[in-house]
2 protein chains.
Amino acid sequence: MSARAGIVVTGTEVLTGRIQDLNGPWVADRLLELGVELAHITICGDRPADIEAQLRFLAAEGVDLIVTSGGLGPTADDLTVATVARFCGRDLVLDTELEERIAEILRRLTARRSDIDFDSLRAANRKQAMVPAGATILEPVGTAPGVVVPGSPTVLVLPGPPRELQPMWRTAVETDAVRDAIAGRTEYRQETVRMFGLPESALAETLREGERDVPGFERLEITTCLRRGELEIVTRYEPDAAPAYQDLLTLLRDRHGSMIFSEDGSLVDDQVADLLSGRTIATAESCTGGMLSARLTDRAGASAYVAGGAVCYADTAKVDLLGVPADLIATHGAVSEPVAVAMADGALRRFGADVAVAVTGIAGPGGGTDTKPVGTVCFCVRQAGSEPVTRTVRLPGNRSDVRERSTTVAMHLLRRALRGA
Amino acid sequence: MSARAGIVVTGTEVLTGRIQDLNGPWVADRLLELGVELAHITICGDRPADIEAQLRFLAAEGVDLIVTSGGLGPTADDLTVATVARFCGRDLVLDTELEERIAEILRRLTARRSDIDFDSLRAANRKQAMVPAGATILEPVGTAPGVVVPGSPTVLVLPGPPRELQPMWRTAVETDAVRDAIAGRTEYRQETVRMFGLPESALAETLREGERDVPGFERLEITTCLRRGELEIVTRYEPDAAPAYQDLLTLLRDRHGSMIFSEDGSLVDDQVADLLSGRTIATAESCTGGMLSARLTDRAGASAYVAGGAVCYADTAKVDLLGVPADLIATHGAVSEPVAVAMADGALRRFGADVAVAVTGIAGPGGGTDTKPVGTVCFCVRQAGSEPVTRTVRLPGNRSDVRERSTTVAMHLLRRALRGA
């Protein structure tokens with residue numbers, strides 16, 4: 001049996017949903033990469049009794065490693081280290097050298113500010129230098145150190161801000177204490193197939209077929225997930241079950257080949273970025289209001305291929321900025337394929353780009369009609385010197401769903417057009 | 001003592017971070033509104049043994065209500081209802097009338113598709129009509145029904161997709177079974193103060209002062225959260241502790257008045273939307289790539305005040321589309337206040353708007369220099385007929401952090417300019 005782990009995310013702001021937890025999923029991914037089984041993520045507020053109950057629960061479930069995030073700050077509600085020390089039966093001791101190093105960080109951080117009283121700041125941060133006896137100290141990335149407390153289970157205590165937690169994780173997995181805790185891990189492979197446009201029930205049917213016909217199917221741990229019209233199939237298996245995975249893949253290609261857009265886990269965003277290499281793109285958006293261009297510029301290096309975009313929310317902006325003929329809007333309505341084509345043409349011209357994508361639709365909640373209900377969205381992808389590709393869809397959900405789904409549909413249309421499919 | 005609840009989120013795709021859980025935080029918020037104490041959110045994969053362990057843990061912690069989300073779909077890995085039935089000691093029985101209603105929904109959903117075999121679809125969905133004996137059935141919003149299983153604790157089983165879970169929650173809280181489970185809830189008030197630009201340590205210092213000087217301070221449950229430069233202070237208290245909250249608020253105003261932008265929980269987005277009433281706005285974005293206009297158009301009714309925006313990633317686009325003089329870019333660089341002003345002017349003119357916001361900066365990872373390192377971002381807010389307001393900041397973090405923080409800084413500059421402060 002593989003080494004097992006649990007994650008404890010602390011913080012009342014996370015428990016009550018005022019801040020989204022990014023650490024649980026991130027650490028989960030890292031554990032999976034290491035081949036450590038993750039059984040549970042638990043979230044609680046800044047109450048020591050609740051934190052301790054979760055630590056006891058995970059210990060009782062027999063995990064080898066508990067990773068905690070959060071509660072290492074200077075404020076009085078940050079109690080994770082003290083709670084872990086008590087749970088592990090260790091005293092909390094002041095590490096004066098660590099205290100000095102934290103003070104040094106604070107001195108640097110506040111050097112340019114005159115409005116902060118350094119001594120009171122330092123006092124507030126003193127508690128961050130209190131560590132469980134015998135623990136391995138992980139140097140601060142921000143101002144909070146982490147600790148590894150060896151034992152059964154070993155507890156790895158990390159700070160809450162992702163930009164502190166992530167670098168500290170990398171240090172932590174190199175420590176003897178963490179290495180010992182996960183020594184029994186199993187090697188796994190993980191493969192991801194992505195499809196666009198297939199209903200989940202149809203995939204379920206194919207997987208039942210696989211269960212019947214693929215030898216070794218039971219050794220594949222398959223999870224499926226439908227998100228914004230994309231279906232993700234993640235399969236984990238031990239290396240010697242690779243032939244079963246190959247058979248499954250053949251079955252999926254057989255049944256749903258035209259829907260599969262990724263067999264290596266790459267996202268449509270990765271593929272579009274690759275396909276845009278050597279070309280430039282411009283966007284013309286109405287209902288998505290900039291989400292498509294924000295998505296295209298999300299990755300580093302986007303400036304090599306993104307020329308720019310126009311968000312033309314008002315009809316006059318469509319006319320003035322993109323040169324959409326006013327009578328086209330009057331005749332067909334702003335949400336129509338002819339207007340989408342004219343928007344794409346305008347963007348192509350305006351930005352001198354090689355390819356343009358236009359999105360115009362009704363995100364709601366208002367603005368729907370009988371013939372064009374909320375969720376109706378028209379698209380056009382135009383490459384210089386080619387015929388425009390257009391599409392009209394009706395997307396389910398609320399305003400935010402329609403805007404997000406529209407962005408994804410645009411990415412897939414773009415991908416197909418750029419591949420020349 | 002108030003009624004207490006726990007939330008169990010199931011789904012391997014959530015546990016492993018491939019999909020972000022929106023249900024835990026959403027249900028947490030609803031429970032808090034009802035005055036039900038939330039102690040724990042636990043997340044596990046689609047393994048019955050793990051789901052059952054979490055149910056047992058929450059029951060042992062003495063909660064009155066467990067809410068589960070996910071695992072109600074048609075695929076074989078959807079096992080929540082069966083697991084809850086076993087945990088509650090109830091048989092699983094086929095509800096034939098419910099089965100017929102689900103079939104009716106499927107018939108409607110697939111009416112326009114010829115590529116789907118209705119019978120196999122119906123077979124896949126039959127398991128969704130298996131319910132624990134004596135449970136209250138919650139009618140499907142999608143195709144999956146929910147159930148309420150009364151007992152100690154009462155278990156409320158909801159589907160995973162937020163657009164199904166949320167309407168079903170509203171039905172569920174009206175059922176006798178859920179009402180009985182949370183009968184012992186306490187009334188709470190919750191107030192939120194938001195600040196921009198204050199370091200968390202300075203707030204911690206003020207809260208220590210409050211602990212010393214505010215009578216009844218210990219009856220206030222205060223959580224603080226720093227996010228994208230905004231500091232959120234949420235306080236929960238029973239109605240008779242209201243005077244203590246008023247004293248705390250007076251203290252916060254006293255110490256940090258100029259940093260407080262919201263005392264009623266409203267977001268900067270709400271305030272900007274209100275301030276824009278009767279005016280129109282245009283955006284000119286470089287490094288944020290459309291995120292600012294996407295944020296401004298996020299809320300329903302944005303078409304009343306958003307004229308549009310230009311995403312000018314390439315310098316030529318800044319010149320061609322916004323009329324930024326090329327020599328201004330050559331002299332000062334694209335990331336400079338003079339260029340930000342010219343971008344705002346261009347947007348104001350181009351879209352015929354009353355106010356324009358421009359953002360130009362270096363999001364990284366490349367592009368930084370000694371004088372303008374990654375994170376340097378210049379802003380301009382220009383109202384027709386007024387002097388431009390400019391600002392240059394250096395933001396911490398990676399590309400995505402810099403882009404998000406820039407969007408937030410722009411919203412705050414806009415808010416101040418529109419208030420005429």
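Listed values, structure above:
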{"read-out": "Peptide A:312-321 - average C-beta neighbours from other chains (10 Å radius)", "value": "6"}
{"read-out": "Degrees, to the nearest 10: B:96-110 long Cα axis against longest axis of chain B", "value": "40"}
{"read-out": "Calculated FRET efficiency for the pair residue A:391/residue A:370, C-beta based, R₀ 22 Å, to 0.05", "value": "0.55"}
{"read-out": "Inter-copy separations for residue A:162, label at 7 Å along Cα-Cβ, nm, ascending", "value": "1.5"}
{"read-out": "Dipole magnitude of the protein assembly as shown about its Cα centre (Cβ charges: Lys, Arg +1; Asp, Glu -1), debye to nearest 20", "value": "2020"}
{"read-out": "Degrees between helix B:162-172 axis and first principal axis of chain B (Cα, 0 to 90, nearest 10)", "value": "50"}
{"read-out": "Listed residues B:16, B:110, B:70: farthest to the positive end of the dipole of region B:4-181 (Cβ charges)", "value": "B:110"}
{"read-out": "Those GluC sites (Glu not before Pro) in region A:195-275 that DSSP places in a loop and that have at most 15 other beta carbons within 10 Å", "value": "A:263"}
{"read-out": "Region B:269-419 - share of DSSP beta bridges that are antiparallel (%, nearest 5)", "value": "55"}
{"read-out": "Shortest-first nm distances, residue A:29 label point to equivalent points in other copies (7 Å, Cα→Cβ)", "value": "2.5"}
{"read-out": "Neighbourhood charge, 14 Å Cβ-Cβ cut-off, centred on residue B:402 and excluding it, Lys, Arg +1 and Asp, Glu -1", "value": "+4"}
{"read-out": "Structure-based [θ]222 nm, chain A - -39500 (n - 2.57) summed over DSSP H runs of at least 4, per residue, nearest 500", "value": "-12000 deg cm²/dmol"}
{"read-out": "17 Å Cα-Cα reach of residue B:318 towards aspartates and glutamates, excluding residues that sit fewer than 8 places from it in its own chain", "value": "A:320, B:285, B:327, B:337, B:345"}
{"read-out": "Between region A:1-48 and region B:138-166, the alpha-carbon center distance in angstrom", "value": "24"}
{"read-out": "Cα gyration tensor, chain A - rounded (a/c under 1.5), prolate or oblate", "value": "oblate"}
{"read-out": "Extreme residue, positive dipole direction of region B:242-401, given options B:261, B:302, B:313 (C-beta unit charges)", "value": "B:313"}
{"read-out": "Computed magnitude of the charge dipole of region A:117-200 (debye, nearest 20; Cβ of K, R +1, Cβ of D, E -1)", "value": "60"}
{"read-out": "Sites residue A:94 and residue B:238, calculated FRET efficiency, Cβ-Cβ separation with R0 30 Å, nearest 0.05", "value": "0.20"}
{"read-out": "Over region A:337-400, relative contact order from alpha-carbon pairs under 8 Å, at least 6 apart, %", "value": "34"}
{"read-out": "FRET E, pair residue B:419, residue B:304, Förster distance 22 Å, beta-carbon r, rounded to 0.05", "value": "0.70"}
{"read-out": "Antiparallel DSSP beta bridges within chain A, percent to nearest 5", "value": "60"}
{"read-out": "DSSP beta bridge pairing in the protein assembly as shown, given as percent antiparallel to the nearest 5", "value": "60"}
{"read-out": "Sum of side-chain charges, residue A:66 neighbourhood, beta-carbon under 13 Å (Lys, Arg +1; Asp, Glu -1)", "value": "-1"}
{"read-out": "GNM result for chain A, Cα springs below 10 Å: residue of A:264, A:117, A:50 fluctuating most strongly", "value": "A:117"}
{"read-out": "Ascending list, in nanometres, of distances separating the residue B:369 label from those of the other copies (7 Å, Cα toward Cβ)", "value": "5.3"}
{"read-out": "At most 11 other Cβ within 10 Å, DSSP loop - trypsin sites (Lys or Arg not before Pro), region B:157-247", "value": "none"}
{"read-out": "Rounded to the nearest 20 debye, dipole of region A:189-265 from Cβ charges on Lys, Arg, Asp, Glu", "value": "240"}
{"read-out": "Positive-pole candidate from B:243, B:195, B:222, dipole of region B:189-266, charges at beta carbon", "value": "B:195"}
{"read-out": "Closest approach to the axis - chain A beta-carbon, rotation onto B, Å", "value": "A:290, 2"}
{"read-out": "Net charge of Cβ neighbours under 15 Å - reference residue A:243; Lys, Arg +1; Asp, Glu -1", "value": "-4"}
{"read-out": "Rounded to 10°, Cα long-axis angle of helix A:200-213 versus longest principal axis of chain A", "value": "70"}
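Readers should treat all values here as calculations from the given coordinates under stated rules, not as data from a laboratory. Treat the numbers as computed from the prediction; the structure is a model and nothing was measured. Heads up, the Cβs are rebuilt from the backbone with ideal geometry, glycines too, and the neighbour counts pull from every protein chain shown.
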